[in-house]
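Have a look at the structure below, then the notes.
The values are calculated or read from the model by the stated rules, or taken from the named source; none is laboratory data. Fair warning: this is a prediction, and the values are worked out from it, not measured in the lab. Glycine gets a Cβ as well: all are built from the backbone with ideal geometry, and neighbour counts include every protein chain shown.
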Amino acid sequence: MKHFILPLCLIFTFLSFSQARKKANKDTKNWRYEIEGVGQGSMGTYLVKSWQYSKKPRIALEQSKKNAVHGIIFKGYPSSKGVIGQPPLARNPILDEQQKVFFDNFFANNGQYMKYVNLTADGTILPGDRIKIGREYKIGVVVSVRVAALRKDLEQAGIIKGLSNGF
Amino acid sequence: MKYYIFLSFLILSWSSKSQISTYVRPCMSISAIEKEGNFFQAINNSIATFNFSNTLKRVNIIPIKKPIASDTIFSEYGKDITSYLFNKDSNNLFNVRKILEFSEYASSDVQSFISNNSADKDQILTQIATEMLGKVYILTIDLKKVETYKDYYDRKEAKRKARNERTRKLGGEVSESNQKPIERKLYGYLCDFGFKLRQVNWTPEMLDYFYTNCWIDENTPENDRAKKIDNFSKLQLSSKVVWEELQLGVSDGRSKSKRNGRFIEPTQEQMNKILTSSLPLGIINQTNKSIVENVPEFKIFNVLSSTYPCKSKIGTKEGIRNNDRYFAYEKIQKRDGETLLRRKGVLYVNSVVNNEKDNSLASNFLQRGGRSLYNGMMIYEELDKKINFDFNYNYSTAPLNLSSYSLSLGFGPFGKRSASYIGLSLGASTFQDLTYVYDSTGNYGGGTASYDTITPNGYSLSVGLEFARAIYLTKRGNIFLYPNFSVNAGFLSFSNKDGEDQDFEDQEYKPSLTIFDARFGVGLGFHIVPSVSIFYKPSIGFNMYAFESNANDDDDDDDDESESRNWNDMGEDLKKSRFNFINTISLRIHI
């Protein structure tokens, strides 16, 4: 019997970890995150703070990159504290449903979205940016997103239209 | 134009300041109230000229070297500070280079990240500068009294003589110790001083007035400049006292060397060195300690950048030291939207990193109690007085237990990973029907011993000295091993027993026993809450040495009439108690 205990524990740990990750991914797809601008990014980048909700704080850190890119494509962010807001890259509100296969792959774990995002040194959180609300944690992480490259690649893939297409 | 944007941003961001930033270094100038007298002037000059940056690591020092004539005139001083912070040059032009330099030095790595990735790199530094302007302080040292050790000894000597004279006049006899002159072993100085810490009131209105009516840079039209210079000269900067100590003392007394049995007087150079170097440093050290303990803005706070090992990106730049204590807090938002901080654990600095040039480096912390910590939790510096009160219950099956109940006053933790402790204990215990064999004449060495066996009741009082280490077993530091060693002296007092033969009060000789024991054990401790822990300390006790004296001997002479006793001759109970197993339950309160 004792030979089974360790493998069972490992399997249980793996399953619970996977469940947490799935839950975090589901939250992203359900737009359950917030992003806000923290500064005018240097050429071709946005500096945003992405807030995510999670029962597991470590999962939330990983999710922050995904949420930041997701937010820039689908949500944009409003102006605040001297930072000019930005509209979403996708002007079509149902783009994620129309391009479901593309975005499922794009936002898969370690997917293509990773190319465009740069987390603060090692995911350090600013004081006050980790808040426990009920049983969940709301965690804000500052992320730099290479928007110019992201826009270009999405345009080349035919997912969004180029800026010139509107004229 | 850039400066106008900067200043406009300062004003705007002041009113919208809500985000808690990382620890922002206060800016502080140090001055001394002018006083007549050579000693005062020498110390004041040193305070004005010394660079205290190594002592006052956690502040940006504003080097304004101007002793102030009065305790009340501060607007001039406030203007000097403004000139320094806004880098006023000889042409009366201001710029923000200095305050941005301070901000850059104070910025955390997240702030550096934002700054480096921003189109406007100064934006984040401006936010830090905004917070910094709210933390501008003026420290004024007020020397009250400076005297040499020679003067101090003279004063004590005069007091001694006067006291002896008074005793003689009243017909009394001066004791031998009071007849000896005061020994003048030390040289150096003693100093009484006080200080006030004022915070400059940089309100948004004041900043607006300064920007609109006093600020001059290369873009300011020539015809406006004279008026603005005049406005600045009339600028009234108010300040409020945030902390003061009226009476502190510092001394530096060094041992005089001896030649042919006589103390050698110090050279003038040695005396000057103390007066102008170590005494001012001592004053600033004491002042800094008091400020850090009592002014919240001077306490360091940051976030945990990683956990287990716990790390935070603070270090030598913030002046943290090994074994400094920090409390970790979790920010909680309640249903009604109100946020509060809840304490989750206690951390001690384990190794300090040099982050003067690289703010991404993190110092190591060890958790010693509390719940699981996560990165992003806030940590606040909390002064650890390193004092422990232990309430102990010692249980032993041996017939004699020197201290069933004891109270210990301990100090610690000291050292690094394993925390060391030292403690002094006072204990008490009672015993009943203790079989004790003694010579009723107390003449053990005389060869005419006549041993009596008694079974008295009594009590013992004990004093002990304990050395211990806490070795933390779990990552949260809630459970720890506690190897300990102690030496104790127990003083046994036998009382009369009704219905028994012995009645000590009627006899010339009443035995009083003193026992020295040593105990060694390995305890197991558990933090109930971080500042309260409970221990189980099994230990082996060994009674090493015993001597007996006569409790009815009320002679005042110093003759030592105690006798060393052999354990085999003191009866079965004491023989059995020589090696004993002691179970101790302790409750520790740490402050």
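Listing for the model above:
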item: Those residues of segment B:532-555 which are closer than 18 Å to B:Ser408 by Cβ, of a type in the set (Ser, Thr, Tyr) and surrounded by 15 or more Cβ atoms within 10 Å (Cβ to Cβ), in sequence order; result: B:Ser533, B:Ser539
item: Candidate set from segment B:372-391 (those that are part of a strand (DSSP E or B) and crowded, with 20+ Cβ neighbours inside 10 Å); member that is nearest to the other protein chains (Cβ to nearest Cβ); result: B:Met378
item: Residue within segment A:101-119 that is assigned to a loop (DSSP other than H, G, I, E, B), within 14 Å of chain B (Cβ to nearest Cβ) and either more than 16 Å from A:Asn67 (Cβ to Cβ) or at pLDDT 85 or above (or both) present; result: no
item: So B:Ser239, is it polar (S, T, N, Q), crowded, with 16+ Cβ neighbours inside 10 Å and over 30 Å from B:Asn38 (Cα atoms); result: yes
item: Search result, residues across segment A:33-63 that are more than 11 Å from every other protein chain (Cβ to nearest Cβ), in a helix (DSSP H, G or I) and in contact with a strand residue (DSSP E or B) (Cβ under 9 Å, 6 or more places away or on another chain); result: A:Ile59, A:Gln63
item: Output for segment B:303-326, where each listed residue is at positive phi and within 12 Å of chain A (Cβ to nearest Cβ); result: B:Tyr308
item: Test: residue in segment B:111-124 that is modelled with pLDDT of 85 or more, of a type in the set (Lys, Arg) and over 17 Å from B:Phe86 (Cβ atoms); result: no
item: Options B:Lys169, B:Lys185, B:Lys159, B:Lys150: the member that is within 30 Å of B:Lys35 (Cβ to Cβ) and surrounded by fewer than 12 Cβ atoms within 10 Å (Cβ to Cβ); result: B:Lys159
item: Those residues of segment A:97-107 which are free of Cβ contacts under 8 Å to residues at least 60 places away in the same chain and surrounded by 17 or more Cβ atoms within 10 Å (Cβ to Cβ), in sequence order; result: A:Phe103, A:Phe106
item: Those helices (runs of 4 or more DSSP H) lying entirely in segment B:39-138 with at least 3 residues surrounded by fewer than 17 Cβ atoms within 10 Å (Cβ to Cβ), without any contact (Cβ under 8 Å) to a residue 60 or more places away in the chain and in contact with a His (Cβ under 7 Å, 6 or more places away or on another chain); result: none
item: Matching residues in segment B:562-580 - criterion: being surrounded by fewer than 18 Cβ atoms within 10 Å (Cβ to Cβ), in a loop (DSSP other than H, G, I, E, B) and over 45 Å from the mean Cα position of the chain (by Cα); result: B:Asn566
item: Evaluation of A:Ala90 against (1) modelled with pLDDT of 85 or more; (2) in a helix (DSSP H, G or I); (3) of a type outside the set (Ser, Thr, Tyr); (4) farther than 29 Å from B:Ser372 by Cα (one fails), failing number; result: (2)
item: Every residue from segment B:581-591 that is at pLDDT 90 or above and either closer than 14 Å to B:Tyr395 by Cα or in a loop (DSSP other than H, G, I, E, B) (or both); result: B:Phe581, B:Ile582, B:Asn583, B:Thr584, B:Ile585, B:Ser586
item: B:Asp208 at pLDDT 90 or above and more than 32 Å from the chain's Cα centre (by Cα); result: no
item: Residue within segment B:134-148 that is within 14 Å of chain A (Cβ to nearest Cβ) and touching a Phe, Trp or Tyr at 6+ places or on another chain (Cβ under 9 Å) present; result: no
item: Matching residues, segment A:122-164, being facing chain B (nearest Cβ under 7 Å) and surrounded by fewer than 16 Cβ atoms within 10 Å (Cβ to Cβ); result: A:Asp122, A:Ile133
item: Members of segment B:396-415 that are exposed (fewer than 15 other Cβ atoms within 10 Å of the Cβ) and modelled with pLDDT under 90; result: B:Thr397, B:Phe414, B:Gly415
item: Within segment B:513-525, considering residues that are crowded, with 19+ Cβ neighbours inside 10 Å and closer than 17 Å to B:Ala428 by Cβ, the one farthest from the chain's Cα centre (by Cα); result: B:Leu513
